[in-house]
1. Working only with C-alpha atoms, what are the Rg and Dmax values of the range 31-132, expressed in angstrom?
2. With Cβ to Cβ distances under 15 Å as the rule, what net charge do the other residues near Gly19 carry (K, R +1; D, E -1)?
3. What does the range 1-88 give for Rg and for Dmax, in Å, if only its C-alpha atoms count?
4. How large, in percent, is the carbon and sulfur part of the accessible surface of the range 53-97 at a probe radius of 1.4 Å?
5. For Cα Rg over 2.2 N^0.38 Å, the choices are [x] 1.27; [y] 1.40; [z] 0.97; which was calculated from the structure?
6. Number of Lys-Lys pairs in the range 40-125 under 23 Å by Cα, sequence gap 8 or more or different chains?
7. Give me the accessible area per residue for the chain, probe 1.4 Å, as a whole number in Å².
8. Would you look at the GNM of the chain, springs on alpha carbons closer than 10 Å, and say which of Ile55, Ile158, Ile143 moves the most?
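The values are calculated or read from the model by the stated rules, or taken from the named source; none is laboratory data. In this text the structure is predicted, and so the values were computed from the model without any measurement. Quick reminder, even Gly has a Cβ in these numbers, built from the backbone with ideal geometry, and neighbours come from all protein chains shown. For the accessible areas, the whole protein counts, side chains as well, though only heavy atoms, and no ligand, DNA or RNA atoms are used. Shrake-Rupley method; radii C 1.70, N 1.55, O 1.52, S 1.80 Å.
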Amino acid sequence: MKKSFAIYFAVLLISLGIGASWDKYPIIKNTAHGILDPTAGLLLEWNLLFGFIIIVAVISLILTITQKVFVNQEEMKAVKAEQKFLQAEMKKYSEHPEKLMELQKRNLHTAGATFHLMTRSLVVTAIPIILFFRWFQEALTPIWGGWWILYYLVTTIIFSSIFRKLMKVA
C-alpha cells in the first residue's frame, strides 16, 4: 500500500508540475497543441457544443477502458460490497459508539483498499488528463469562461455512468 501511495503521489506531483509548466516550457504546450489541435480542435471548430460532447465522450470511454483493464474488477466489487455492508451496519449501530468506532475503522481500511486498487489507472491517465485540461482551458475559456469545467464534469458523469454500466466496471 505504501508503494502504491508513493507512486501515485509521484505521478500526481509530475502531473501538477507539467500543468504548472505549461507556459514556462513551450515544448509542453506546443506538443499538446500539435497533437490536440488537428484532432480535438477540429471537432470544436466543426461545432463547439457537439464537438465538446464528442471529445468528453471519448475521454470518458478511454478512462473507463483504462479502469476496466488496470483495476482488478472482482477485488473492486468485493471491496464495494464490503463498504455497502459497513454503511448499513453503521446505520444500524449508530447508537452504540464502541461498535460504530469498530465499523468506522473497518470502513477506513476498505477505503484504503479502494485507493490502492484505483492507483494503477490513475498513474496511466493523470498526465494526459492534465494536458487535456490545460488545452481545454486555452481553447474554451475565451468562449465559455470558466463554465467549461462545469460542462466537462456534468458531461463526464453522464458518459462515465453509461460506459461503466455497459462495460460492467466496478
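1. When restricted to Cα atoms, the range 31-132 yields Rg and Dmax of 20.2, 61 Å.
2. The answer is +1.
3. Gyration radius and largest Cα-Cα distance of the range 1-88: 18.5, 52 Å.
4. Working: 1780 of 2790 Å².
Whole-percent figure for carbon plus sulfur exposure: 64.
5. Identified label for the calculated read-out: [x].
6. Pairs that pass both the separation and distance tests number 16.
7. Numbers: 10800 Å² over 170 residues.
Roughly 64 Å² per residue, with all protein chains present.
8. Checking each option, the largest mean-square fluctuation is seen for Ile143.
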